[in-house]
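Worksheet: one structure, shown below.
The values are calculated or read from the model by the stated rules, or taken from the named source; none is laboratory data. What you are looking at is a predicted structure, and each value in this text was computed from that prediction instead of being measured. Positions of Cβ are backbone-derived with ideal geometry, glycine not excepted, and every protein chain shown enters the neighbour counts.
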């Protein structure tokens, strides 16, 4: 389904199911928040987030400066400041694909397709393999750090599992973007497992290297 949606480009990749805090200080994104708050139904306070490919502003280059696969976010909590800034909390709902970006108005508006997660029968088996690799990874990081780390409760559902692991593991922005762009859950889990294996190899080669840390965002399946 193709729709128009307010857009909020960021210098990071956010995933469905992830709760993210944002500090809003630019005028155009203050206006975006006010636009969302004018919607009486909280479930319709939706906007899109895509990662900035280069630089810090979209500017006149528009969609060329952005990755085109992003995430639909729902505004869930707001704290207003007297000077017009906001601290907000948002949660990822589903993926989107950005086709056009109109920056001529008070805030950017995108033409996007909403992307569904296809069913893949091999996802269950891939989930078991990825969890096994993650447990090895978690133990090795704990040994390096001298105590338990990455102590998260992993979802059983393969799709939720893939987003939870993507959030928990420290990955580069290109790696995170590749996970977001993965065509299905099984492919995403396989990419995650490959990244974990590469990290394990790096830790074996350089045992003192603190290769990872817990992500600052919280994962939420709702």
Count - residues of the range 77-106 that are crowded, with 16+ Cβ neighbours inside 10 Å and either closer than 12 Å to residue 48 by Cα or outside the structural domain of residue 34 (by TED's automatic domain parsing) (or both): 9
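Matching residues to (1) more than 24 Å from residue 20 (Cβ to Cβ); (2) modelled with pLDDT under 90:
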site	(1), (2)
147	yes, yes
154	no, yes
165	no, no
173	no, no
176	no, no
185	no, no
192	no, no
198	yes, yes
Among residues of the range 17-53, those that are closer than 18 Å to residue 172 by Cα and either at pLDDT below 95 or in a strand (DSSP E or B) (or both), counted: 6
Residue under evaluation residue 124, criteria (1) part of a helix (DSSP H, G or I); (2) buried (at least 20 other Cβ atoms within 10 Å of the Cβ), criterion not met: (2)
Test: residue in the range 89-104 that is over 15 Å from residue 10 (Cβ atoms) and not in a strand (DSSP E or B): yes
Count of residues meeting criterion [under 19 Å from residue 67 (Cα atoms) and surrounded by fewer than 18 Cβ atoms within 10 Å (Cβ to Cβ)] in the range 153-174: 3
Test: residue in the range 141-152 that is buried (at least 20 other Cβ atoms within 10 Å of the Cβ), more than 15 Å from the chain's Cα centre (by Cα) and not in a helix (DSSP H, G or I): yes
Matching entry among 165, 170, 180 (being within 17 Å of residue 13 (Cβ to Cβ), within 15 Å of the chain's Cα centre (by Cα), outside any helix (DSSP H, G or I) and in contact (Cβ under 8 Å) with a residue 24 or more places away in the chain): 170
